[in-house]
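These notes are about the structure you will find just below.
The values are calculated or read from the model by the stated rules, or taken from the named source; none is laboratory data. Note that this is a predicted model, so its numbers are computed, not measured. FYI the Cβ positions are ideal-geometry reconstructions off the backbone, even for glycines, and counts take in every protein chain you see.
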Amino acid sequence: MDIEIRRGLSEARMLASEHRNMLGAYVALGVIVPFLLLSSEPIFSLRTAMAIVSDPWSYRVGGSITGPLYLLGIVAVIVAGAMLAAWNGLLAELREGYISEIMYGMVAGVAYLFANLVVAIGFGLIAVLPLFLLGQELLTGGGTAFTFGLEIYRLLLSIVGSWIGARLCLAGAIMGDRGTLEPVSPFVQSWRRTRSAQWRLFGFYLLYGALFGIAGAALFVLHGAVILNNAPGSMVEMLMSFGWVLLFALYFLGQILIPAGLYRAGEPALAAAEVFA
């Protein structure tokens, strides 16, 4: 079973056109609500981060780290839940309505997050194992050549991690289509389905990530310049916040629509007997 990326993107455009209102609702849930929640914590403000970096010895943010960590966990569940709800609404044969989709998405989103966390931790443990074998003395006292080798190793790890992400890109769409709460078989199914197109998907997602990375870096530099040259709460700074919301919304839509389109593009064509049954 092959996956044509061009056909997948075409399917994604069709889904976007057919479900504009639903996608708008889930962008509000998965982007705007988390953005407002994170904005309530000073530590997540770019202005605060820049102040800490510029004067780390005198500028401090009061309070415990527990609150921001809890908030990050809540935001992660909301985002994952909105994604699973959107996949369920996009791909299920019969929609059951927003309430049912959101209830499913919030439960399935936790399972999806947990499965991704297990994969990330497992990959991380395997990645650091060679470093433990080298020993602390070599890691801290290695020369220039050893430091260069470590940088190459980090680059290879990032490449392998991106490849694994491409192989598992269909897992959420498979969960949403089937309405399942169990993430293991969708992850296995994604790994199998992407086998024939793994290098094309890997290259595509590298390009996709690079485009959003460049856009994010440009917005970061522009926002930093605005902070340095304007008072807190100015209209220009509020417009920069709108720019971040727009960028996150586009990325969120891509994270939903592209896997959904690729999943539909990889589905086997129906036989004639099934079409006219």
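Do we have any residue at all in segment 229-236 that's surrounded by 15 or more Cβ atoms within 10 Å (Cβ to Cβ), of a type outside the set (Phe, Trp, Tyr), at negative phi and assigned to a helix (DSSP H, G or I)? Don't jump to the end; show me each part of the working.
Going through segment 229-236, the residues surrounded by 15 or more Cβ atoms within 10 Å (Cβ to Cβ) turn out to be none.
Scanning segment 229-236 turns up no residue that is surrounded by 15 or more Cβ atoms within 10 Å (Cβ to Cβ), of a type outside the set (Phe, Trp, Tyr), at negative phi and assigned to a helix (DSSP H, G or I).
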Complete set of residues in segment 89-113 that are over 14 Å from the mean Cα position of the chain (by Cα) and under 20 Å from Trp191 (Cα atoms): Leu91, Ala108, Ala111
Identify the single condition in (1) modelled with pLDDT of 85 or more; (2) among the basic types (Lys, Arg); (3) surrounded by 14 or more Cβ atoms within 10 Å (Cβ to Cβ) that Arg47 does not satisfy, given that it satisfies every other one. (1)
Which of (1) modelled with pLDDT under 75; (2) outside any helix (DSSP H, G or I) does Leu139 not meet, given it meets every other one? (2)
Helices (runs of 4 or more DSSP H) enclosed by segment 1-56 - at least 2 residues per element that are within 25 Å of Arg193 (Cα to Cα): 5-18
Would you check if Gly172 is outside any loop (DSSP other than H, G, I, E, B), out of contact with any Asp or Glu (no Cβ under 9 Å at 6 or more places or on another chain), surrounded by 13 or more Cβ atoms within 10 Å (Cβ to Cβ) and at pLDDT 95 or above? yes
Among the residues that make up segment 261-272, is at least one of them modelled with pLDDT of 95 or more, closer than 18 Å to Ala12 by Cβ, in a helix (DSSP H, G or I) and not hydroxyl-bearing (Ser, Thr, Tyr)? yes
